[in-house]
Amino acid sequence: MLNKKNAALASAHRTLAAERAGLEQLDASLGTAFEAVVEKIAALNGRLIVSGMGKSGHIAAKITATMASTGTPAHYVHPGEASHGDLGMIAKQDIVLALSWSGETAEWANILAYVKRFNIPLIAMTANPDSTLGQAADICLALPKAKEACPNGLAPTTSTTIQLALGDALAIALLERRGFTASDFKAFHPGGNLGASLTTISNIMHTGTALPLVEEQVKMAEALVIMTAKGFGCLGVTKADGQICGIITDGDLRRHMGKDMLDKPASAIMTSNPKTIHANMIAAEALNLMNENKIQSLFICENNIPQGFIHLHDLLRLGVA
């Protein structure tokens with residue numbers, strides 16, 4: 001007999017298996033209706049009004065937030081509250097996306113009458129395309145009638161997972177169609193770690209006299225003084241025309257340690273062809289580049305001429321992780 005711990009794990013595996021099967025059914029069912037919905041929303045001049053009742057309402061609220069944060073103006077309207085004044089939130093230039101597993105939720109009646117009266121496009125997301133909602137819709141996204149993970153077949157589990165996944169699929173398809181970039185994303189996510197990760201390097205890089213630079217013919221005795229004064233633990237090396245040609249780090253110093261090192265030019269100590277980035281790279285990309293190459297600093301260059309400098313510590317202080 002299974003003990004309680006093993007029984008809990010077995011239950012979890014059954015739940016995930018059921019929801020995974022539902023997602024596979026959803027994937028297989030996608031077709032022209034999905035494409036039509038993407039085209040319809042992409043041409044939208046107003047807002048996407050997303051609505052749902054009960055658990056579908058919670059999913060609708062999440063879809064609304066995802067759409068709004070990825071470039072599709074969106075607003076959530078509760079079907080029950082719609083009958084008490086919130087229908088005024090739906091304008092003629094909007095599109096309504098209605099979520100209902102059965103498609104027969106009573107609270108939809110007034111919204112359906114309203115959208116028909118003012119010729120507002122209606123998209124249904126339902127497992128019953130022959131339902132009142134499905135038949136009233138201009139486009140119906142028919143959901144697969146997948147088995148709920150709940151052993152009683154009652155608690156919305158697989159069904160809400162399917163709704164959520166389809167909402168994500170719509171949001172990402174629209175994002176990609178618009179060419180929505182990380183910089184665009186940053187405009188809607190200025191706070192927290194995500195906002196920090198999406199900050200462009202141009203906003204945090206060191207510039208001007210703060211740059212740790214020497215020309216390649218400078219003797220190491222002088223170069224070390226500059227390297228210490230700048231305080232970054234490294235030094236960029238440039239040609240006479242200002243183009244970067246190398247970098248000197250603590251590791252380079254250890255490898256070339258000797259009694260004659262101070263008399264050598266910087267070009268003899270440097271590591272050639274250092275990694276460089278552009279000023280409009282986002283902080284998260286810069287951190288990833290540092291991690292992949294096991295380095296702690298990067299020069300920001302334009303036409304191979306240093307315009308700025310960034311150290312790992314700058315990214316950590318910003319909150320990029």
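The values are calculated or read from the model by the stated rules, or taken from the named source; none is laboratory data. Not measured: the values here are computed from a predicted model. With ideal geometry, Cβ positions are generated from the backbone for all residues, glycine too; neighbour counts draw on all protein chains shown. Remember, those area values only see protein heavy atoms, side chains included, never the ligands or the DNA or RNA. Shrake-Rupley method; radii C 1.70, N 1.55, O 1.52, S 1.80 Å.
Add +1 for every Lys or Arg and -1 for every Asp or Glu among the other residues with Cβ under 9 Å from the Cβ of Thr238, and state the total.
-2
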In the stretch 265-321, trypsin sites (Lys or Arg not before Pro) in a DSSP loop with at most 11 other beta-carbon atoms within 10 Å: Lys294
Over the chain, average the accessible area per residue using a 1.4 Å probe and give it in Å², no decimals. 52 Å²
Counting only backbone N atoms under 19 Å from a point 7 Å out along Cα-to-Cβ of Asp250, the residues of the stretch 286-321 in range are 290-299, 310-317
Working from the alpha-carbon coordinates of the chain, get Rg over Rh, Rh being the Kirkwood radius. 1.20
Fluctuation leader among Thr158, Thr207, Thr64 - the chain, Gaussian network, Cα springs under 10 angstrom: Thr207
State, to one decimal in nm, how far the label point of Asn3 lies from the label point of Ser69, with both points 7 Å from Cα in the Cβ direction. 4.0 nm
How far apart, in nanometres, would the label points at Leu30 and Cys150 be if each is projected 7 angstrom from Cα along the Cα-to-Cβ direction? 2.7 nm
The percentage of the accessible area of the chain (probe 1.4 Å, all protein chains present) made up of carbon and sulfur atoms, to the nearest whole number, is 54 percent
Take the Cβ-Cβ distance between Ala10 and Arg317 as r, set R0 to 35 Å, and report the resulting FRET efficiency rounded to the nearest 0.05. 0.15
Between Ser83 and Asp263, with labels modelled 7 Å along Cα→Cβ, what's the label distance in nm to one decimal, could you check? 9.5 nm
Report the dimensions of the stretch 106-179 along its three principal axes from the alpha-carbon atoms, largest first, rounded to Å. 43, 39, 17
Sorted by mean Cβ packing within 10 Å, highest first, what order do the peptides 12-18, 102-108 take? 102-108, 12-18
With 18 Å as the limit, write out which pairs from Lys239/Lys294; Lys55/Lys92; Lys92/Lys116; Lys55/Lys147 have Cα-Cα distances beyond it, or answer none. Lys239/Lys294; Lys55/Lys92
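Charges only on Cβ, +1 for Lys and Arg, -1 for Asp and Glu: so what's the dipole of the chain about the Cα centre, in debye to the nearest 20?
620 debye
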